[in-house]
1. Among the numbered criteria (1) under 32 Å from the mean Cα position of the chain (by Cα); (2) free of Cβ contacts under 8 Å to residues at least 40 places away in the same chain; (3) open to solvent by less than 60 Å² (accessible area, probe 1.4 Å), which one does residue 176 miss?
2. Kindly list the number of the only condition in (1) closer than 30 Å to residue 35 by Cβ; (2) at pLDDT 90 or above; (3) part of a helix (DSSP H, G or I) that fails for residue 147.
3. Considering region 99-112 alone, what residues qualify as being exposed (fewer than 14 other Cβ atoms within 10 Å of the Cβ) and under 19 Å from residue 85 (Cβ atoms)?
4. Could you list, ordered by first residue, the pairs with Cβ atoms under 6 Å in which the first is in region 18-29 and under 17 Å from residue 53 (Cα atoms) and the second is basic (Lys, Arg) and open to solvent by 70 Å² or more (accessible area, probe 1.4 Å), at least 6 apart or interchain?
5. If we keep just the residues of region 129-166 that are surrounded by fewer than 18 Cβ atoms within 10 Å (Cβ to Cβ), of a type outside the set (S, T, N, Q) and touching a strand residue (DSSP E or B) at 6+ places or on another chain (Cβ under 8 Å), which is farthest from residue 98 (Cα to Cα)?
6. Return a yes/no flag: does region 114-123 have any residue that is closer than 15 Å to residue 67 by Cβ, touching a Phe, Trp or Tyr at 6+ places or on another chain (Cβ under 6 Å) and surrounded by 17 or more Cβ atoms within 10 Å (Cβ to Cβ).
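The values are calculated or read from the model by the stated rules, or taken from the named source; none is laboratory data. Remember, predicted model here, so these are calculated numbers, not experimental data. Here the Cβ positions follow ideal geometry from the backbone for every residue, glycine too, while neighbour counts run over all protein chains shown. Just so you know, the surface numbers come from the protein's heavy atoms only, side chains and all, with ligands and any DNA or RNA stripped out. Shrake-Rupley method; radii C 1.70, N 1.55, O 1.52, S 1.80 Å.
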Amino acid sequence: MNPSAIVAIGIGVIVFFILLSCIKIVPQRSAYIVERLGKYTGTLTAGFHFLIPLIDKVAYKHTLKEQAIDVASQSCITKDNIAVEVDGVLYLQVIDAMKSSYGIDNYGFAAIQIAQTTMRSVIGRLDLDKTFEERETINTSIVDAVDKASDPWGVKVTRYEVKNITPPQSIKDAMEKQMRAEREKRAMIAQSEGQKQAKINVAEGDKQELIARSEGEKQKRINEAEGRAAEIEFVASATAKGIREIASAINEKGGGDAVNLRIAEQYLGEFGKLAKANNTMIIPSNMADISSIIATATSVLDTAKKKS
């Protein structure tokens, strides 16, 4: 092979590689900054592009995706002079690739610094207890501060999240004791409430039992009274009926003699009982008194018959 052919082949290879280097394929959600002779000339978006050899070059490459940047842990002093370690995650996105290239040297580092200084400022306005409760306030304050500062950089801060707030060990121990005391307090309150409710339930049960018992006693007495009343009424009715039957029998023929005989029998019967019950007894001097007693009873019956 002659030297001219070798030179031609070498020149062809060089030209091929130069042309190959001028072909640029930009991935989706990416942006390339092109400089021509050291001066910004344009931004390449996703797709196929061809640069002028030896004149154009890609100076910066940016991703347009949202980026998560870790904000390192730093010491912050709270309003009540407690040192806490705070770290977080910053989310940002390149909006204008040209501003991100020429507006600042390193927008990620700058955003982290602003986030840290803003975090120290916000934590310094809060008490230790509030730092755990006001995470949303801290996040919003940092996003507002970094987003305002990063506007000339062509960067949009989407959000910031506090990952950890770590107080000193002595504060942790004190907080643990406080939480333990609070839990014991809640347990004692719950126990006392339970005992109180149990006593109320027992008292209510006793009350209901006494009421039910008194109602039962009341109903029992009412039933007994009604029973006695019915009994008295029945006895009175039977007695009245018996008296009417006796009166009717007396008016019949021979009724008067039967009454006299009955009175004499009862008199003698009672007199006999008296003789059995007592060793000493007084006997009427004249046994004719029996006829006088019978005559008295007969007159009473005659009077009742006339009234009826």
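1. Evaluating residue 176 over (1) under 32 Å from the mean Cα position of the chain (by Cα); (2) free of Cβ contacts under 8 Å to residues at least 40 places away in the same chain; (3) open to solvent by less than 60 Å² (accessible area, probe 1.4 Å) leaves (3) as the failure.
2. Checking residue 147 against (1) closer than 30 Å to residue 35 by Cβ; (2) at pLDDT 90 or above; (3) part of a helix (DSSP H, G or I), the one that fails is (2).
3. Scanning region 99-112 gives no hits.
4. Partner pairs satisfying both residue conditions: none exist.
5. 132
6. Taking region 114-123 first, the residues closer than 15 Å to residue 67 by Cβ are 115.
When the remaining residues are screened for being touching a Phe, Trp or Tyr at 6+ places or on another chain (Cβ under 6 Å), the result is none.
No, every residue in region 114-123 fails to be closer than 15 Å to residue 67 by Cβ, touching a Phe, Trp or Tyr at 6+ places or on another chain (Cβ under 6 Å) and surrounded by 17 or more Cβ atoms within 10 Å (Cβ to Cβ).
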